[in-house]
Amino acid sequence: MEEVKAAIAFDQPKLRASVDGQTILVEGAYLVFEQDVIAAPDGAIAEFQIRMELRVVYPRHEPKVFEVGGRIPRIPDRHINPDGDCCITVWENWLVTANDHSFRSFLGGPINEYFLGQFWFERTGKWPFGEREHGTPGLEEAYSDALGIANRRKSLLYHVRLLTQHWPKGHWPCPCGGGLRLRHCHRHDLMTMHQRVPPNVARRMLRKLNPDKRETRSVGF
Ligand SMILES: [Zn+2]
Ligand SMILES: [Zn+2]
């Protein structure tokens with residue numbers, strides 16, 4: 001909570017934070033800044049009304065950000081769900097690629113980029129940073145990028161399943177599909193991947209790729 005309050009005080013004076021059980025609520029006007037400009041309230045180029053819900057176990061739990069002013073049309077092409085839930089970023093990818101997972105880094109990084117993108121889209125009809133598809137196809141694309149592999153669902157699922165294991169076994173079939181066992185093929189590449197994408201992150205990826213399947217622990221090759 002102190003971390004949240006400090007971040008808001010520095011960068012987002014129009015937001016306020018309150019605690020509700022295990023959840024921290026952040027509400028008010030989010031100020032959007034141009035990329036790479038030192039945040040200063042009078043330098044904001046737009047404001048969006050938001051409500052953010054974070055758990056005290058942040059960053060282990062992905063925060064939710066809702067646009068509550070009705071400024072963004074609730075259509076998939078605008079990367080927002082009907083209830084106003086914004087797809088700010090692919091959380092697992094952010095965990096894997098960002099060095100700093102503090103709340104302040106999230107507030108000024110992915111959230112700003114999202115609303116800057118929305119602001120830009122309102123003006124030009126285009127996304128400034130390129131775009132992934134909304135929903136599962138975008139998720140698969142993002143995870144493939146994070147793993148550095150081709151975006152094919154079957155291969156992606158197999159890689160992610162391997163990465164959920166603490167120590168991938170050498171006798172498993174190599175995920176490259178070459179037919180060899182891991183120990184005779186891409187074991188080294190997989191171990192490098194394993195260092196970037198730890199099992200807990202891989203398990204979250206698997207859950208999101210297979211939202212219907214509860215069980216992700218047993219792999220069963
Ligand atoms: Zn989206
Ligand atoms: Zn291989």
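Readers should treat all values here as calculations from the given coordinates under stated rules, not as data from a laboratory. What you see is a predicted model; the values in this text were computed from it and never measured. No Cβ is skipped: glycine too gets one built from the backbone with ideal geometry, and neighbour counts run over all protein chains shown.
Some points to look at:
- Flag if residue 118 is away from ligand 1 (no atom under 15 Å from the Cβ), surrounded by 13 or more Cβ atoms within 10 Å (Cβ to Cβ) and among the polar types (S, T, N, Q): no
- The one condition in (1) within 16 Å of residue 153 (Cβ to Cβ); (2) more than 9 Å from ligand 2 (Cβ to nearest atom) that residue 168 fails to fulfil: (1)
- In the set (1) within 14 Å of ligand 1 (Cβ to nearest atom); (2) out of contact with any Asp or Glu (no Cβ under 7 Å at 6 or more places or on another chain); (3) at negative phi; (4) touching a residue at least 24 places away in the same chain (Cβ under 8 Å), the condition left unmet by residue 135 is number (3).
- Options 98, 146, 150: the member that is of a type in the set (A, V, I, L, M), more than 16 Å from ligand 2 (Cβ to nearest atom) and surrounded by fewer than 18 Cβ atoms within 10 Å (Cβ to Cβ): 98
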